[in-house]
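The block underneath contains the structure these notes are about, expressed in structure tokens.
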Amino acid sequence: MEILSEVSRTLGEYLLLPNETTEKCVPERVDLTTALVRHRVGETSSLRVATPLLSAIMEAVSSPRLAIALAQYGGLAFVHQNQPIEAQVEDVAAVKRHKAGFRPASVAVKPTATLDEVTRLVRESGAEHVAVTEDGTVGGRLLGLIGPGDFHRDRHAGVDPVTTRMRGVEDVVTAPVGVSLGDANALLWDRRADVLAVVDGDVLESLVLRSDYDTHKRFRSESIDGRKRLRVAAGINTRDHRERVPALVGAGADLLCIDSSDGYTVYQARVLEDVRSAYGNGVYVGAGNVVDGRGFDYLADARAAFVKVGIGGGSICTTRQQKGIGRGQASALLDVARARDAYAERTGEYVPLVCDGGVLEDSHMAIALAMGADAIMLGRYFARTTESPTRRVRVGGQDYKEYWGEGSMRARNTARYEHHEDGEAVAFAEGVDGLVPYAGSLYDAVAMTSAKIRATMVSCGSTSLAAFRESARMVVVSEQSFRQTGAEVMVRPSADAIG
Ligand code: IMP
């Protein structure tokens, strides 16, 4: 038995001290580019992204829609593996098929659906337009389009059928599949339309929105592959990797990661070995999760492309309660980062670290990067956004999004959480099923987070993540000073509430 002398600490227990900020150290010059796969020290990693944010390998988080949005902003999403191989392959293919400016058709109703149903669908899905099709499926014959701008609850009864307010297909500007974005936009402007339907015969394929006209200018640092397609990553498991990996690689997945709560296992080492003997260095597989240097060394020796750090910190996680396993995220990161640096010194190979679980605050992301993480994997953070795949619901006047753990009874992700007793699977949950406050668009959230991380780095006098890590100075905060972290005055009510 061994008891480590160090207390288990989390990210919120630390603060950064400022370093000198020079005139050259301004937010516009801060480069957040980060390496995601192992490489020789001093060389450039062959997979890098401009924004060090990754979405969690979770059903409630990483849909194709979220993956597209995140890659546009320079991050990377991991499509979840708790689904049949064909379904996961289709998710990857949907991201790879994405063409800038074209929004794939995603929601449809039958002509008999009511206006209230459209309101609910738009609210839950975040889509601007709903297709009205003969059979109510996205692939059915297109009859028209309807969106919230086509009716108002003061003027139109919610029980009226959509046919009373939809724009019939004859009034919608259409173009055939294959139309270029330039031509589609020209048509939109010529016809003074707000939406153009791209159709394959009488089936809707995608929509081009006038309101998207300016958005591509926001994406200066998209994560794209050699064929200019958006990048997407995918989770795999230790049970069916022999079938799943080739299917995902065939679909164009850029990076894979073994999805498990505990990565310090012979099963992960075997998957890494199998993939390596099948593909050599041609397919990148990350592994995890670990919380100490020993776990890191084990996976680094097994040739993991990156190592994911964190056990028990996830916002939906009950692993620490259920199994008594885990470690504060700061202690885990510091220990693993020390091992990573020693490994680089010893072998000449740099293995990136991904900080995973329990991170929501932008300041905690900055602290994790300063402690040695190369990227941050986020579940709750992304689940809260419009682009996540779950329903948006209203409770007590506030909007929430559904969010559940992969170890919850709802997800039943048995490949991630295996508890076997005499060959029988034992069912106990390591996660919960809940709601998180709705936080609007991913684009706005990521823009704000990146701006704050840049501001932190400027205060610490660094314009690159490597320099930030190198020069960071941190202190542990006492409980008393922790209490002073937030504002201590009453938050000012809105102007009309003040007498
Ligand atoms: P969050 O960002 O705090 O919401 O944490 C997300 C991370 O929690 C994921 O990337 C997983 O590593 C982990 N996780 C996902 N589902 C579960 C679960 O059901 N139990 C424990 N951990 C989970």
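The values are calculated or read from the model by the stated rules, or taken from the named source; none is laboratory data. Keep in mind that this is a model prediction, so the values were computed, not measured. Neighbour counts run over all protein chains shown; Cβ positions are idealised from the backbone, glycine included.
Details
Residue-by-condition table, conditions (1) modelled with pLDDT of 95 or more; (2) not in a helix (DSSP H, G or I):
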| position | (1), (2) |
| --- | --- |
| 358 | no, yes |
| 364 | yes, no |
| 382 | yes, no |
| 403 | yes, yes |
| 406 | no, yes |
| 434 | no, yes |
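- Within the stretch 285-313, considering residues that are in contact with a strand residue (DSSP E or B) (Cβ under 7 Å, 6 or more places away or on another chain) and within 9 Å of the ligand (Cβ to nearest atom), the one nearest to residue 236 (Cα to Cα): 288
- In a residue-by-residue description of the stretch 106-118, the property of being part of a helix (DSSP H, G or I) and surrounded by 19 or more Cβ atoms within 10 Å (Cβ to Cβ) applies to at least one position.
Quick grid of which residues meet (1) touching a residue at least 40 places away in the same chain (Cβ under 8 Å); (2) over 22 Å from residue 299 (Cβ atoms):
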site	(1), (2)
38	yes, no
51	yes, yes
61	yes, yes
68	yes, yes
83	no, yes
98	yes, yes
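- The stretch 359-374, residues that are crowded, with 24+ Cβ neighbours inside 10 Å, within 13 Å of the ligand (Cβ to nearest atom) and within 16 Å of the chain's Cα centre (by Cα): 359, 365
- Checking each residue in the stretch 59-69 for being among the aliphatic types (A, V, I, L, M), near the ligand (Cβ under 10 Å from one of its atoms) and under 9 Å from the mean Cα position of the chain (by Cα) picks out only 61.
- Evaluated against (1) surrounded by 23 or more Cβ atoms within 10 Å (Cβ to Cβ); (2) within 16 Å of the ligand (Cβ to nearest atom); (3) part of a loop (DSSP other than H, G, I, E, B), residue 82 falls short on exactly one condition, (1).
- Boolean, residue 397 is among the small types (Gly, Ala, Ser) and away from the ligand (no atom under 11 Å from the Cβ): yes
- Cross-chain or 6+ apart pairs with Cβ under 7 Å, the stretch 208-236 first and among the acidic types (Asp, Glu), then modelled with pLDDT under 90: 212/101
- Residue list for the stretch 288-308, filter: surrounded by fewer than 20 Cβ atoms within 10 Å (Cβ to Cβ) and of a type in the set (A, V, I, L, M): 302
- If you go through the stretch 143-162 and keep only what is crowded, with 18+ Cβ neighbours inside 10 Å and in a helix (DSSP H, G or I), you end up with 150, 162.
- Residue satisfying all of: in the stretch 1-46; farther than 27 Å from residue 294 by Cβ and among the basic types (Lys, Arg); modelled with the highest pLDDT among these: 29
- Filter pass, residue 354 being part of a helix (DSSP H, G or I), within 16 Å of the ligand (Cβ to nearest atom) and crowded, with 19+ Cβ neighbours inside 10 Å: no
- Residue match in the stretch 298-313 (condition: of a type in the set (Val, Ile, Thr), touching an Asp or Glu at 6+ places or on another chain (Cβ under 9 Å) and at pLDDT 95 or above): yes
- Residue within the stretch 173-181 that is surrounded by 12 or more Cβ atoms within 10 Å (Cβ to Cβ), modelled with pLDDT of 90 or more and either in contact with a Phe, Trp or Tyr (Cβ under 7 Å, 6 or more places away or on another chain) or under 19 Å from residue 113 (Cβ atoms) (or both) present: no
- Any chance residue 79 is more than 21 Å from residue 156 (Cα to Cα), modelled with pLDDT under 95, in contact with a Ser or Thr (Cβ under 9 Å, 6 or more places away or on another chain) and among the β-branched types (Val, Ile, Thr): no
- Here the helices (runs of 4 or more DSSP H) wholly within the stretch 259-341 that include at least 1 residues being touching a residue at least 12 places away in the same chain (Cβ under 8 Å), under 24 Å from the mean Cα position of the chain (by Cα) and within 30 Å of residue 437 (Cα to Cα) are 319-323.
- In this structure, residue 231 does satisfy being touching an Asp or Glu at 6+ places or on another chain (Cβ under 6 Å), surrounded by 20 or more Cβ atoms within 10 Å (Cβ to Cβ) and among the basic types (Lys, Arg).
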